[in-house]
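Here the structure comes first, spelled out in structure tokens, and everything after it is commentary.
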Ligand SMILES: NC(=O)c1ccc[n+]([C@@H]2O[C@H](COP(=O)([O-])OP(=O)(O)OC[C@H]3O[C@@H](n4cnc5c(N)ncnc54)[C@H](OP(=O)(O)O)[C@@H]3O)[C@@H](O)[C@H]2O)c1
């Protein structure tokens, strides 16, 4: 499993590519998992929307512990480093 922080253009495209390769994907953004569901159903079906605070932990438990940052550079200061610890 790979985690992706950011469900915009880049994060969603990356999720779709990983899923096509048979790799499970958790994805989160500033929106709640519930709010992401419709977007993912259309653009990355099969990706699991999760809360930010569990993405690193879930990724570590079921894979190599990779979290991809797919947020705009100007937003990076807003990202809690623990999210991708
Ligand atoms: N677009 C491309 O073709 C492309 C190609 C290569 C690389 N990139 C790089 O990928 C990065 C993202 O670009 P993008 O085009 O995907 O941007 P985007 O479409 O604006 O999406 C940004 C995503 O980041 C989320 N986000 C912003 N601040 C956040 C925070 N503090 N915590 C969690 N999530 C946060 C947004 O959340 P919400 O969904 O809640 O708004 C959104 O899902 C940039 O660094 C860009 O340079 C983009």
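Read the figures in this text as sums done on the coordinates, not as results from a lab. All of these numbers come straight from a predicted model, not from anything done at the bench. Note that we place each Cβ from the backbone using ideal geometry, even for glycine, and neighbour counts take in every protein chain shown.
Only helices enter this figure: runs of n ≥ 4 DSSP H residues, each worth -39500 (n - 2.57), summed and divided by the residues of the chain, yield -12000 deg cm²/dmol at 222 nm to the nearest 500. Annotation: extensible slack from residue 10 through residue 53 equals 13.4 nm (criterion: 0.36 nm per residue apart, minus Cα-Cα distance).
Here the Kirkwood formula, the inverse mean of 1/r across different C-alpha pairs, assigns the chain a hydrodynamic radius of 12.4 Å. Among 24, 75, the ranking by other beta carbons within 10 Å of each residue's beta carbon, starting with the fewest, stands as 75, 24. Please label the shape of segment 22-64 as rounded, prolate or oblate, based on the square roots a ≥ b ≥ c of the eigenvalues of the alpha-carbon gyration tensor (a/c under 1.5 means rounded; beyond that, a/b larger than b/c means prolate, else oblate). Oblate, because a/c is 1.5 or more while a/b does not exceed b/c. Neighbour counting of Cβ atoms within 10 Å sorts the residues 39, 61, fewest neighbours leading, into 61, 39.
Neighbour counting of Cβ atoms within 10 Å sorts the residues 42, 4, fewest neighbours leading, into 42, 4.
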